[in-house]
Structures are given as C-alpha cells and as structure tokens.
Amino acid sequence: MNKRVEVALNDQILKEASSSQYYLAMASWAENNGLNGTSKFMYTHSDEERFHMLKLVKFVNERGGKAIIPAVNQPPTEFENLKSVFELLLKHEISVTESINNLVDICLQEKDYTTHNFVQWYVSEQLEEEALARTILDQLKLIGNDNGGMYMFDRDLEASVRASAISEPKK
Ligand code: OFO
C-alpha cells in the first residue's frame, strides 16, 4: 500500500476513534443530566464512529498496510448545555469532513484509485452527518430556553433513534 496513503488512513483511524470517545462522553453527560433521548442519540453516534474506525482498520490491513490502533485523548466530562453539545458535535464533524477531503486529495495525488473509491463512502457519510447536526441545531435555536420545548425535543430525539434503529439495524 502507498505509504503516504497508509499514514493518512491511520490518521483517519485516530480521528474516528476520537470521535467515538467524544460522543461517548456526550452520551454519558446527557444521561447524567436526565436527557435520555440525547444520551441514546450520542451512544448510537459513538457506536457509528467506532464502526467507521473498524472499517478503516480492516481496509488498511486487507490492502497490505498496517493499521495502528491509537491511544486517544480523554474527552471532556462536562458540557455547558444541550445546545453547546450539538454545536460541538457540528464543529467536530466539520473538522472530520476536512480531514476526509484531505484524504481524498492524497489518494488522487498518489493515484490510489482503489482507496479513493473506498473513501467516497466517508464523503457521503459526512454530508449526512453535518446535515443532521445542522437540522438539530436549527430546532434547538427555535426552542431557545423553553424547558417544555427542550423536554419535547429530547423525547422526539429518543423516538427518532428508535425509529432509525428499526429501519437500518446496522451501519
Ligand atoms: Fe462522523 O465521522 Fe466518522 O466518518
């Protein structure tokens, strides 16, 4: 496997692992603050990021490279409020998108069209994830500081996680 591509894929493994831990920290914070829907959403999201990481690990190894299982930095234990959690999620996803785009660039420069093809799955995934985070933030902006609205939001989020688990059991 092309060395430069291998290094970039390993960097991405670290990013996906860090994303998984970050969202796990958010899930745990939400659970401790009575936000069950948000907590379920974040636990699910954390699992998805772990799956993104595993997909990369397997790809690197199957293509004759060596996947490096990384140590990750400890994520925060406290968050300001519900809105700031989703703002951080969007900010984080935007940085992941940049790194995926960088990976696409490297594949093209190195003429590694197989990896380029593989990475397209991540390009579409990022599109979806950013769009979802923006939709959620728009809803939270409308709710403002209304506690009743916040309660409904959390409940709706729980229902949507349950519904998507039924329609697409694994990602
Ligand atoms: Fe949400 O990031 Fe993975 O790819």
Quick check: pseudo-label points 7 Å beyond the Cα along Cα→Cβ at Q109 and Q139, how many nm apart are they? 4.0
Can you figure out the FRET efficiency of R155 with K91, using R₀ = 22 Å and their beta-carbon distance, to the nearest 0.05? 0.30
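Going by how many other Cβ atoms sit within 10 Å of their own, how do F86, F79, F41 line up, fewest first?
Final ranking by Cβ density, sparse to dense: F79, F86, F41.
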Packing-based exposure ordering (other Cβ within 10 Å, fewest first) of E93, E125: E125, E93
With the label point 7 Å along the Cα-to-beta-carbon line of N32 and a cut-off under 16 Å to each amide N, the hits in segment 51-87 are 74-82, 85
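Relative to the Cα centre, what is the charge dipole magnitude of the chain, using +1 at the beta carbon of each Lys and Arg, -1 at the beta carbon of each Asp and Glu, and rounding to the nearest 20 debye?
Rounded to the nearest 20 debye, it is 480 debye.
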Estimated dipole of segment 1-86 in Debye, rounded to 20 [Cβ of Lys and Arg +1, of Asp and Glu -1, Cα centre]: 400
Rounded to the nearest 500, what is the 222 nm mean residue ellipticity of the chain from helices alone, with -39500 (n - 2.57) per DSSP H run of 4+ residues and division by all residues? -28500 deg cm²/dmol
Fewest Cβ neighbours within 10 Å first, please rank F118, F51 accordingly. F51, F118
Considering only L157, L140, V104, whose Cα is most displaced toward the positive end of the charge dipole of the chain, charges sitting on Cβ of Lys, Arg (+1) and Asp, Glu (-1)? V104
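Bear in mind these aren't lab numbers, they're just calculated from the coordinates by the rules spelled out. What you see is a predicted model; the values in this text were computed from it and never measured. As a convention, Cβ positions derive from the backbone with ideal geometry for all residues, glycine included, and neighbour counts pool all protein chains shown.
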